[in-house]
Amino acid sequence: MRIGILGLQGAVREHRLSLQACGLLPENIITVKKPGELDDLQGLVIPGGESTTLGLLMTKYGFLEPIREKARQGMGILGTCAGMVLLAGKINGHRQPTLGLLEMEIVRNGFGRQIESFETELFLPDIDTHPGGTKPFPAVFIRAPYGINPGPRVQVLAALGEKIVLARQGKLLACAFHPELTADYRLHRYFLSLIAESHDE
Ligand code: GLN
């Protein structure tokens, strides 16, 4: 299995280490800097950063359509924080280029200025393969977005009140927090397991 990490901006190294911790060999983790490098990937990580900048860079380097096409062909995508914004199509109050693959609206910087960053424990029963499934996930939020109005194909995996912070649509996984900043690899492992499923919707 070959997984790419979009290397235009953001926490590339941390995602690489998390994927390695899940057992992926370093040579099968590609830092993607050009659209041609998407060709033989089964999965792509879009890291956090600044979604407007990332969107502009993705437009400038011609990434948007090739990523959409690969997603249509079954490539999995994990979008964390700004990456979650980029997966979606409708961003509240902002006009910015995105992939428009995820059928969910996004509230950018949705947790407000007062709490720009915080950590909380999330229970993720759908992804927790732990016997008993009770170990909470340490979720680090940094100027995070959240989702609202999920479409019928979207499975909500975690929410804080009404605010959706983890959602899946087929092989797309949108995560408002930063799993790459903690030594808990269950989310990366879950992403790899979605990719490994041969038949999906
Ligand atoms: N607030 C940023 C944005 O909307 C995301 C922040 C992050 O990725 N940590 O682009």
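Listed values, structure above:
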{"item": "Built amide H within the under 5 Å cut-off of Leu78, gap 5+", "result": "Leu44, Val45, Ile46, Leu173"}
{"item": "Within the stretch 16-41: backbone nitrogen closer than 19 Å to the Arg72 label point (7 Å, Cα to C-beta)", "result": "35-41"}
{"item": "Which of Ile77, Ile3, Ile127 has the fewest Cβ neighbours within 10 Å, and the rest in rising order", "result": "Ile127, Ile3, Ile77"}
{"item": "Prolate/oblate/rounded label for the stretch 10-148 (Cα gyration tensor, a/c 1.5)", "result": "oblate"}
{"item": "Semi-axes of the equivalent ellipsoid for the stretch 128-182, Cα gyration tensor, largest first, Å", "result": "19, 16, 11"}
{"item": "Highest-MSF residue in the chain out of Lys70, Lys34, Lys60 [GNM, Cα springs under 10 Å]", "result": "Lys60"}
{"item": "Candidate lysines for bridging to Lys163, where Cα separation is under 18 Å - those fewer than 8 sequence places away on the same chain excluded", "result": "Lys90"}
{"item": "222 nm mean residue ellipticity, helices alone, for the chain (DSSP H n ≥ 4; -39,500 (n - 2.57); rounded to 500)", "result": "-6500 deg cm²/dmol"}
{"item": "Viscosity 0.890 mPa s, 25 °C: Kirkwood-radius Stokes-Einstein D of the stretch 1-87 over Cα pairs, µm²/s", "result": "193"}
{"item": "Cleavage-rule hits (trypsin sites (Lys or Arg not before Pro)) in the stretch 148-195: DSSP loop, at most 16 neighbouring Cβ within 10 angstrom", "result": "Arg153"}
{"item": "Residue order, fewest to most beta carbons within 10 Å, for Phe111, Phe123", "result": "Phe123, Phe111"}
{"item": "Fully extended contour minus Cα-Cα distance, from Leu160 to Phe118, at 0.36 nm per residue", "result": "13.9 nm"}
{"item": "Separation in nanometres of the label points that stand 7 Å from Cα toward Cβ, at Leu56 and Thr134", "result": "5.0"}
{"item": "The stretch 76-201, Cα convex hull volume normalised per residue, Å³", "result": "105"}
{"item": "Mean separation of Cα contacts under 8 Å, 6 or more apart, over the residue count of the chain: relative contact order %", "result": "20"}
{"item": "Long-range HN-HN contacts of Thr31 with modeled amide H, under 5 Å", "result": "Ile5"}
{"item": "Cross-link reach list, lysines versus Lys33, counting only Cα pairs under 21 Å and skipping chain neighbours closer than eight places", "result": "Lys60, Lys70"}
{"item": "Residues His94 and Lys34, FRET efficiency given R0 of 30 Å [Cβ-Cβ distance, rounded to 0.05]", "result": "0.65"}
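Read-outs: derived from the displayed coordinates by stated rules, not from any lab. The structure presented is a predicted model; accordingly, all values stated were derived computationally and were not measured. A quick note on method: Cβ atoms are made from the backbone with ideal geometry, for glycine too, and the neighbour counts reach across all protein chains shown.
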